[in-house]
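The values are calculated or read from the model by the stated rules, or taken from the named source; none is laboratory data. Quick caveat: nothing in here was measured; it's all calculated off a predicted structure. Positions of Cβ are backbone-derived with ideal geometry, glycine not excepted, and every protein chain shown enters the neighbour counts.
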Amino acid sequence: MSSHKTLGKKVRLNKATKSNRRVPAWIMIRTSRRFVRHPKTRHWRRNKLKRA
């Protein structure tokens, strides 16, 4: 990927990076471990974004 990115692409990639986090521990405790893993987590090598 090029080092010079358009602002739109930068914003979308940043949003994808921020959303690619685990479920917070306090939510696991509050829901008594009903939500252990996040359904939208993405690994950089396995799942690609639709349009970055």
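Things worth noting here:
- The set of residues in the stretch 22-44 being surrounded by 10 or more Cβ atoms within 10 Å (Cβ to Cβ), assigned to a loop (DSSP other than H, G, I, E, B) and either of a type in the set (Gly, Ala, Ser) or touching a Lys or Arg at 6+ places or on another chain (Cβ under 9 Å) (or both) consists of Arg22, Val23, His38, Thr41, Arg42.
- Residues that are at pLDDT 90 or above and small (Gly, Ala, Ser) within the stretch 30-52 comprise just one, Ser32.
- Pick from the stretch 4-21, criterion exposed (fewer than 11 other Cβ atoms within 10 Å of the Cβ) and assigned to a loop (DSSP other than H, G, I, E, B), ranking: farthest from the chain's Cα centre (by Cα): His4
- Filter pass, Lys50 being surrounded by 10 or more Cβ atoms within 10 Å (Cβ to Cβ) and among the basic types (Lys, Arg): no
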